[in-house]
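Since every read-out is calculated from the coordinates, none of them should be taken as a lab result. These numbers come from a predicted model, not from an experiment. Cβ placement follows ideal geometry from the backbone for every residue including glycine, while neighbour counts extend to all protein chains displayed.
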């Protein structure tokens with residue numbers, strides 16, 4: 001499984017003529033984890049089998065006889081919570097900043113959460129293999145709920161960011177372990193059903209988050225964005241405790257053979273190195289151009305430190321017995337290409353989920369609720385186009401389908417800066433509708449394609465790799481585009497020809513929340529500055545789409561080397 005040998009493309013396989021025969025993957029949610037242990041029939045023979053034999057854990061057995069429905073409901077609730085809290089804060093940023101201050105670092109509300117989720121996804125996957133799925137999921141839900149409660153009690157921006165990190169540490173367990181349990185519950189042929197359910201829950205929750213956040217911020221208080229997690233999470237926790245029953249560890253001779261299978265070590269050094277590298281890089285991106293100039297000693301120190309730690313991380317991972325990110329996921333051409341393509345997807349998704357609600361409120365003058373619903377147009381088209389994509393890749397293949405999707409997405413993103421100023425709400429809503437349709441066609445074929453090129457024993461690792469890269473893209477995108485927007489606003493404030501404008505970023509956010517405190521000329525100047533900042537963000541997102549397109553054209557193999565379904 002280490003993949004130290006030749007790559008998938010070097011193994012001499014040819015792609016099955018209908019690519020749809022590929023094994024269906026686990027759900028395309030934001031995280032995945034290693035798949036469950038293989039059946040005993042796949043293990044090396046030991047002493048004479050005992051009587052009666054002990055049945056090992058196999059997909060579809062865990063919980064099937066004890067009521068699979070409640071467990072699936074718990075998984076969907078857990079996935080919804082983890083995905084929702086990645087974006088629900090976006091429409092409440094003006095209210096949060098108005099209450100707590102700290103506009104210059106508000107993007108860390110997203111970056112801190114996403115970074116914590118990202119670095120813990122592979123770790124929780126290994127822990128679930130070692131200690132079982134149920135205890136890891138229970139611990140993750142409890143940690144997530146503690147983080148949510150702490151967020152609701154935050155007294156300043158620094159405390160809220162710290163508590164968002166705690167929330168993200170629990171969110172990593174939710175996203176990763178949910179995928180493993182889903183694989184345990186469903187056999188191979190039935191897995192597309194749970195994939196469709198969880199994929200729809202993830203996409204809908206991620207995009208509907210701003211609408212819900214705007215609703216709560218508009219009619220209640222921004223703290224309810226976090227308090228609402230408590231009853232929902234409590235229900236999920238109760239369902240998991242009561243209905244999720246993992247088979248007992250074997251105690252017979254055959255079971256002893258199973259227990260003697262070496263357990264993978266958790267690569268704590270690698271996890272710490274990845275976290276430290278990401279923290280330095282994100283700090284450089286968020287604060288560069290705001291707290292200090294890009295060309296300055298602090299910028300070079302943080303960027304140089306992140307580069308040095310990245311080199312250390314590579315060394316640690318190469319020496320690790322069971323690394324967080326195995327080297328073979330980058331040596332295989334198909335997986336490496338999809339890693340890069342989905343990393344770019346995570347980056348470009350920050351533009352609509354984080355900055356569109358701010359644009360709708362500050363430039364269009366919409367309330368938080370209406371701003372959230374502008375973005376929610378994406379939820380109408382994404383699941384539909386994702387379901388439709390199977391018809392397309394069955395005919396023309398995974399790669400060409402994804403190329404069509406990302407090409408359309410790039411054109412849609414480039415169209416955003418062409419919107420008139422100040423414009424009307426239906427215009428960005430139409431952009432979101434088209435973007436959701438394009439990305440639905442792009443993402444799912446790549447995940448299914450990678451899943452179909454590896455065997456059962458490598459499928460969890462391959463899936464964790466591509467979804468980990470997507471999470472890294474989201475973390476970097478939140479920091480990078482936050483730095484871009486802050487830099488544009490700071491430059492406009494420095495060179496503002498109109499008198500009466502606020503002189504710092506915190507005051508800008510408060511002024512945009514209540515423009516009546518400004519003169520008409522000053523309010524218009526601030527709206528135009530925000531419009532320009534968001535335009536630059538969307539141009540950057542289009543650049544990320546272009547990178548993904550180039551990777552698919554020049555790096556990805558023309559035909560994915562699909563393995564035939566063993567069944």
*Separation of segment 109-153 and segment 409-487 by C-alpha centroid, Å?*
23
*Relative to a virtual label point 7 Å from the Cα of residue 162 in the Cα→beta-carbon direction, which members of segment 97-127 show backbone nitrogen distances below 19 Å?*
97, 100-117
*Once label points are set 7 Å from the Cα along Cα→Cβ at both residue 418 and residue 391, what is their separation, rounded to one decimal in nm?*
2.8
*Can you tell me the order of 365-374, 336-345, 484-493 when each peptide is scored by its average per-residue count of other Cβ atoms within 10 angstrom, highest first?*
336-345, 365-374, 484-493
_Sorted by Cβ neighbour density within 10 Å, fewest at the top, the residues 226, 468_ = 226, 468
*Determine the gain in length on full extension of the stretch residue 426-residue 491; use 0.36 nm per residue of separation and subtract their C-alpha separation, reporting nm with one decimal.*
20.4 nm
_How many angstrom lie between the Cα centre of segment 292-334 and the Cα centre of segment 369-403?_
33
*Quick one: compute the contact order of segment 267-321, relative version, from alpha carbon pairs under 8 angstrom and 6+ residues apart, as a percent.*
51
_Global form of segment 267-321, assessed from the alpha-carbon gyration tensor, a/c cut-off 1.5_ = prolate
*Would you list 219, 359, 536 from fewest to most Cβ contacts within 10 Å?*
219, 536, 359
*How would you classify segment 270-425 from its alpha-carbon gyration tensor, with a ≥ b ≥ c the square roots of the eigenvalues: rounded for a/c under 1.5, else prolate if a/b is greater than b/c, otherwise oblate?*
oblate
